[in-house]
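Student: Take a look at this one; I'll ask things after.
Values in this text are rule-based calculations from the coordinates and carry no lab data. No experiment lies behind these values; they were computed from the predicted model shown. Here the Cβ is made from the backbone with ideal geometry for all residues, glycine too, and neighbour counts use every protein chain on show.
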Amino acid sequence: MLAVDLRNLTKRFGPVTAVNDLSLQIESGEVVAFLGPNGAGKTTTIDMLLGLAQPDAGTVCVYGTTPEDAIARGDVSAVMQNGGLLKDFTVEETVAYTASLYSHAKPVGEVLDRAGIAAIADRRVAKCSGGEQQRLRFAMALLSDPRLLVLDEPTTGMDVETRRAFWGAIREDAERGRTVMFATHYLDEADAYADRIVLIRQGSVVADGTTSEIKNLASGRVVRATLPDADERTLRALGGVTNVECRGDTVLVQCADSDTVARYLLTHTAARDLEISSNNLEAAFVALTSDDAAENGASR
């Protein structure tokens, strides 16, 4: 059963179309980064996934039912960017109060440990840093032991060490079968921790795949090898090759599918010293989601 099944979602706010015929399916146990520039429709999509907003068209299904029913069953929890905290409560009181709202909840001490905030259990929320408040929201989200965890900019305000510890906990949860969908502006987090990356622009999905696949989609890769007298015509005929350049004994092949090119060079030629290079995720993100990409019609 799919954890998330979004079909042809559209959401408008007056003359503005925030989400435009968006479809997305997520399998149980996947860790999916949901990325896009400001105003791309990420938060609106997440709001519809959580039942906080209703689509003008399309359907939302979470573990085979509506978002409202999935949340009522405790199958879904979310860590949002802000809100949801009572400043005069202590950290422990906040978690305990939230736990009282569930018919079955994980022990308060356990989720405090899991979120890395047991040491500040007696601290008032108003005295907590932004990163500590985000970890408090994470602890609250863990109370129902959800099958799907939705994170909207979860590490805002966290320092580098805390961010690393947070994502370590998320990966451990994913290995136990928990599904995670997260939006972030920290592209290094998506690169390091996501199984899959979904890029949206102007409310629509423009790319969906692994980090390597997204980089290839954006600008391809360059395969460099030492190969005297390279057969340029044959190399150009390989699938996904966009350009071949020979520089003395070195051949450079620009391509969308570096695996195919590398496999051919290593098994059908005398090529050696083979190297594959690509742009980083940030470059791919800009190439696929910028205004120029919209004008040029970047493909999914």
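Student: Using amide H atoms built 1.01 Å from N in the peptide plane, name the residues 5+ places from Arg12, or on other chains, whose amide H lies under 5 Å from its own.
Tutor: Ala18, Asp56
Student: Okay, moving on. What ranking of Met80, Met1, Met140, Met181 emerges when the number of other C-beta atoms within 10 Å of each C-beta is taken as an exposure proxy, fewest first?
Tutor: Final ranking by Cβ density, sparse to dense: Met1, Met80, Met140, Met181.
Student: Under a point-charge model restricted to the Cβ atoms of Lys and Arg (+1) and Asp and Glu (-1), what is the dipole moment magnitude of segment 221-278 relative to its Cα centre, in debye to the nearest 20?
Tutor: 80 debye
Student: Could you give the angle, 0 to 90 degrees to the nearest 10, between helix 258-268's Cα long axis and the longest principal axis of the Cα atoms of the chain?
Tutor: 40 degrees
Student: Counting Lys and Arg as +1 and Asp and Glu as -1, each charge on the Cβ, what is the dipole of the chain about the Cα centre in debye, to the nearest 20?
Tutor: Roughly 280 debye for the chain.
Student: Next up: What is the local net charge at Arg137, summed over the other residues whose Cβ is closer than 14 Å to its Cβ (Lys, Arg +1; Asp, Glu -1)?
Tutor: 0
Student: Is the shape of segment 221-278 rounded, prolate or oblate, going by the alpha carbon gyration tensor and its root eigenvalues a ≥ b ≥ c, with a/c under 1.5 for rounded and a/b larger than b/c for prolate?
Tutor: rounded
Student: Given Gly203, Leu238, Leu143, which one lies farthest toward the positive end of the charge dipole of the chain, if we put +1 on the Cβ of every Lys and Arg and -1 on the Cβ of every Asp and Glu?
Tutor: The residue sitting farthest along the positive end of the dipole is Leu143.
Student: For segment 52-60, in order, what is each residue's ³J(HN,Hα) by Karplus, 6.51 cos²θ - 1.76 cosθ + 1.60 with θ = phi - 60°, in whole Hz (x at glycine and Pro)?
Tutor: Whole-Hz 3J(HN,Hα) from phi for segment 52-60: 7, 9, 9, x, 6, 8, x, 10, 10.
Student: Cα to Cα, under 20 Å, and not fewer than 8 places away if on the same chain: which lysines meet these conditions relative to Lys42?
Tutor: Filter leaves Lys11.
Student: Still on this structure, I have one more. Here are a few candidate values for Cα Rg over 2.2 N^0.38 Å: [x] 1.42; [y] 1.19; [z] 1.08. Which one was actually calculated from the structure I just gave you?
Tutor: [y]
Student: Can you list the lysines whose alpha carbon sits under 20 Å from that of Lys127, skipping same-chain ones fewer than 8 residues off?
Tutor: Reachable lysines: Lys87.
Student: By per-residue mean of other Cβ atoms within 10 Å, what is the highest-first order of 118-124, 142-148, 37-43?
Tutor: Per-residue mean Cβ counts within 10 Å order the peptides as 142-148, 37-43, 118-124.
Student: Using the count of nearby Cβ atoms within 10 Å as a rough guide to exposure, how do Leu35, Leu235 rank from fewest to most?
Tutor: Starting with the residue having the fewest Cβ neighbours, the order is Leu235, Leu35.
Student: Also, I was wondering about something else. Multiply the residue gap between His104 and Glu282 by 0.36 nm, knock off their C-alpha separation, and tell me the result in nm, one decimal place.
Tutor: Answer, rounded to one decimal: 59.9 nm.
Student: I want to check the label-to-label distance for Ser212 and Asp159. Put each point 7 Å from Cα in the C-beta direction and report it in nm to one decimal.
Tutor: According to this spin-label approximation, the distance is 3.6 nm.
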